[in-house]
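Q: So that we are looking at the same thing, I have put the structure below in structure tokens.
The values are calculated or read from the model by the stated rules, or taken from the named source; none is laboratory data. In this text, all values refer to a predicted model and were calculated from it rather than measured experimentally. Here Cβ is always computed from backbone atoms with ideal geometry, including for glycine, and neighbour counts include all displayed protein chains.
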């Protein structure tokens, strides 16, 4: 299996102008190493933060050209495994996150990650490995890796974990896939502006779904089908995600729109992924157990 080292190529934006560091065959599995969101600059709580290069935030390893991917297709990304480093970093600072106005000074916390636990002060927290930045290039221009959108990007969705499968709208030849910003743990909202940031590696399988047109990324795992959406406000993102999911339910079942909407209201959830990036990200979540009763899937 091909291993892409993080030193082979890192990007700080998604763009069709980036040269690919690797050409993957349709259906190929590969392992992608990543820097942490600070490009591995922080090693100690004592080092001066003024020394950090703040232009080197949220790098993604890539991009990867996927053979056969064309605009109008979807890129299917199955997350087979996530491995994290043994050192995790968190940060708070004035003006950052949801309560940044109450923070007086920049503060960094460095934590050990081992034996399935994160050591936070005297507390032992469970490791919940996930990917913060993952996606494909937009059709034109560039999107900073810190910003989410229809292309994916910095969605900071804790369901982007081992066993999940994502679908991204291909907007440029080859899709130009990249990922980074791993977390050993992160709660919904990412309220302080960081999770437990770690370097590591991710093993994925990349597949092209021809003719599968999407407006925003989709995620599914063994229990749930979810529609992800990002927008300027949480309200707008929630409406987009719910609209896309309910209409998909109506399309792939014999339910009328009104019944699909009521069913979503009865058994589905609308959940915050993150509320600290330039755009807010929300997921609309529907249980697959109900789809089993309906004897359907929500994919072509």
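Q: Is it the case, given these coordinates, that residue 297 is exposed (fewer than 14 other Cβ atoms within 10 Å of the Cβ) and touching a residue at least 40 places away in the same chain (Cβ under 8 Å)? Full working, then the answer.
A: On the way: exposed (fewer than 14 other Cβ atoms within 10 Å of the Cβ): yes; touching a residue at least 40 places away in the same chain (Cβ under 8 Å): yes.
Here the answer is yes, as residue 297 does meet what is asked.
Q: What's the number of the only condition in (1) touching a residue at least 60 places away in the same chain (Cβ under 8 Å); (2) not assigned by TED's automatic domain parsing to the domain that holds residue 98 that residue 193 fails to meet?
A: Residue 193 satisfies every listed condition except (2).
Q: Suppose we filter the stretch 42-63 for residues that are without any contact (Cβ under 8 Å) to a residue 24 or more places away in the chain and within 22 Å of the chain's Cα centre (by Cα); how many remain?
A: 1
Q: Hey, among the residues in the stretch 247-271 that are in contact with a strand residue (DSSP E or B) (Cβ under 8 Å, 6 or more places away or on another chain) and part of a helix (DSSP H, G or I), which one's surrounded by the most Cβ atoms within 10 Å (Cβ to Cβ)?
A: In this case the residue turns out to be 249.
Q: In this structure, is residue 292 more than 17 Å from the chain's Cα centre (by Cα), in a helix (DSSP H, G or I) and under 27 Å from residue 73 (Cα atoms)?
A: Working: more than 17 Å from the chain's Cα centre (by Cα): yes; in a helix (DSSP H, G or I): yes; under 27 Å from residue 73 (Cα atoms): yes.
Judged against the criteria, residue 292 is a match.
Q: Testing residue 124 on (1) surrounded by 13 or more Cβ atoms within 10 Å (Cβ to Cβ); (2) assigned to a strand (DSSP E or B), one condition comes back false. Which one is that?
A: (1)
Q: Which ones in the stretch 19-41 are farther than 24 Å from residue 88 by Cβ and crowded, with 17+ Cβ neighbours inside 10 Å?
A: Listed by number, the residues that qualify are 20, 21, 22, 24, 28, 30.
Q: Now for a different question. Only one residue in 215, 220, 207, 232 is touching a strand residue (DSSP E or B) at 6+ places or on another chain (Cβ under 8 Å) and either free of Cβ contacts under 8 Å to residues at least 12 places away in the same chain or farther than 27 Å from residue 66 by Cβ (or both). Which one? Steps first, please.
A: Numbers: 215 fails: either free of Cβ contacts under 8 Å to residues at least 12 places away in the same chain or farther than 27 Å from residue 66 by Cβ (or both); 220 fails: either free of Cβ contacts under 8 Å to residues at least 12 places away in the same chain or farther than 27 Å from residue 66 by Cβ (or both); 207 fails: either free of Cβ contacts under 8 Å to residues at least 12 places away in the same chain or farther than 27 Å from residue 66 by Cβ (or both).
Criteria check complete, one pass: 232.
Q: State yes or no: is residue 111 over 19 Å from residue 231 (Cβ atoms), touching a helix residue (DSSP H, G or I) at 6+ places or on another chain (Cβ under 7 Å) and not assigned by TED's automatic domain parsing to the domain that holds residue 227?
A: Considered against the rule, which asks whether it is over 19 Å from residue 231 (Cβ atoms), touching a helix residue (DSSP H, G or I) at 6+ places or on another chain (Cβ under 7 Å) and not assigned by TED's automatic domain parsing to the domain that holds residue 227, residue 111 comes out as no.
Q: Please state which of the following conditions residue 221 fails to meet, knowing it meets all the rest: (1) in contact with a helix residue (DSSP H, G or I) (Cβ under 8 Å, 6 or more places away or on another chain); (2) surrounded by fewer than 19 Cβ atoms within 10 Å (Cβ to Cβ); (3) under 30 Å from residue 30 (Cα atoms).
A: It fails just one condition, (1).
Q: Further question: If a residue must be in a loop (DSSP other than H, G, I, E, B), touching a helix residue (DSSP H, G or I) at 6+ places or on another chain (Cβ under 6 Å) and closer than 21 Å to residue 183 by Cα, how many such residues does the stretch 11-41 contain?
A: Qualifying residue count, the stretch 11-41: 1.
Q: From 237, 284, 241, which residue is modelled with pLDDT of 95 or more, under 30 Å from residue 95 (Cα atoms), touching a helix residue (DSSP H, G or I) at 6+ places or on another chain (Cβ under 8 Å) and surrounded by 19 or more Cβ atoms within 10 Å (Cβ to Cβ)? Before you say what the answer is, go through the steps one by one.
A: Values: 237 fails: touching a helix residue (DSSP H, G or I) at 6+ places or on another chain (Cβ under 8 Å); 241 fails: touching a helix residue (DSSP H, G or I) at 6+ places or on another chain (Cβ under 8 Å).
None of the others qualify; the one that does is 284.
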